[in-house]
Each structure stands twice: as C-alpha cells, then as structure tokens.
Amino acid sequence: MEAALCSALAPSPYQVFNTANPGDKNFPLKYGKDRSVVMTVAATGILGKGGGLLERPTIETTSPGRESEFDLRKSRKTSPPYRVLLHNDNFNKREYVVQVLMKVIPGMTLDNAVNIMQEAHYNGLAVVIICAQVDAEDHCMQLRGNGLLSSIEPADGGCG
C-alpha cells in the first residue's frame, strides 16, 4: 500500500541513488513528463508501520492564562485614562498630519483632525484622544510610525 506525502522533507541521497529502478514501487520519487519531481512517495516498506500518514493536528481554541476579548475590553474601560499628545514639528506638511490623524485614530473626522493639527501648530502641543493606556500606546506608536511626533501621559480628569 502506498501513501503519497507532499511535504518539504526530501528523501535522503541514499534513498534516491540506491534504489533498484525508477519504475520500482519503492522508488521514492515520481517524475512528471519533463523529469521534474512531482511528489515523493513512501511505501510501507520504507517508512515502517503506518505508511507515513500523519494525523490531523488538534488546535486549541483557548490558551491557558490568556484573557478573552471581553476581558480585554472590560480592563480597558476600567484602566486609568491616558492622553495621546501630538507635538508640532517643522518637517511634515499640515495636510499630511491631518491625513495621518484620520488614518490612525478611529472615528477621527476631518474637522477634528484639522483642529488638532492647528492646535499643535500654534501651541506646540495638542491632545489627540483620551483612552485606555494600551490604546494610547498603540495610537502613539502608529503616529510615530507615520513620521509624527507623539507621546502619551496619564490624564488627570476622567475620559473625554
């Protein structure tokens, strides 16, 4: 009985070069018309019992010690709020800053993005959003990844 194995594992040189005939049942390679290798074939005599068939792996849906998405949302609501700050720079054009704000911050409107950009331009600093620390760090890194100067700080008052 033969079982076909299509895998990244190549047969050993011993198996390839020390077999009787290419047409032999135990020959480990099957060739296409252009002599390219199509697949490796394992016979029960080569691999021993089982014919080389692998059982389908089981994938665990939950990992021990990991929080569910519900728990993460709950912890974000109860964690202390942080401000994401945008700092003025002399490198990026105003239009680009507005585009990045709308791309990075969920729910950011054009009017809010323009107001934040102008506040940062004239005052040197603007509050972009107040949110949970995890989200604030993520927004800050995304703003920095797009070339803007950004930082976070704890918000003294509640969410806004």
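The values are calculated or read from the model by the stated rules, or taken from the named source; none is laboratory data. Worth saying up front: this structure is predicted, and the values here are computed from it rather than measured. Cβ placement follows ideal geometry from the backbone for every residue including glycine, while neighbour counts extend to all protein chains displayed. Just so you know, the surface numbers come from the protein's heavy atoms only, side chains and all, with ligands and any DNA or RNA stripped out. Shrake-Rupley method; radii C 1.70, N 1.55, O 1.52, S 1.80 Å.
Quick notes on this one:
- The single condition from (1) touching a helix residue (DSSP H, G or I) at 6+ places or on another chain (Cβ under 9 Å); (2) in a helix (DSSP H, G or I); (3) surrounded by fewer than 20 Cβ atoms within 10 Å (Cβ to Cβ) that residue 144 fails is (1).
- The condition of being crowded, with 16+ Cβ neighbours inside 10 Å, modelled with pLDDT of 95 or more and charged (D, E, K, R) holds for only one of 137, 119, 95, 153, that being 119.
- Scanning segment 79-92 for residues that are buried (at least 16 other Cβ atoms within 10 Å of the Cβ), in contact with a Gly (Cβ under 9 Å, 6 or more places away or on another chain) and in a strand (DSSP E or B) yields a single hit, 81.
- Consider segment 122-133 and keep the residues that are more than 11 Å from residue 86 (Cβ to Cβ) and out of contact with any helix residue (DSSP H, G or I) (no Cβ under 6 Å at 6 or more places or on another chain). The one that is least open to solvent (accessible area, probe 1.4 Å) is 131.
- Every pair of residues 6+ apart whose Cβ atoms lie under 7 Å, when the first sits in segment 107-133 and is closer than 17 Å to residue 93 by Cβ while the second is open to solvent by 70 Å² or more (accessible area, probe 1.4 Å) and of a type in the set (A, V, I, L, M, F, W, C): 110/102; 113/102
- Residue 102 satisfies every condition listed in (1) open to solvent by 60 Å² or more (accessible area, probe 1.4 Å); (2) among the hydrophobic types (A, V, I, L, M, F, W, C); (3) touching an Asp or Glu at 6+ places or on another chain (Cβ under 9 Å) except (3).
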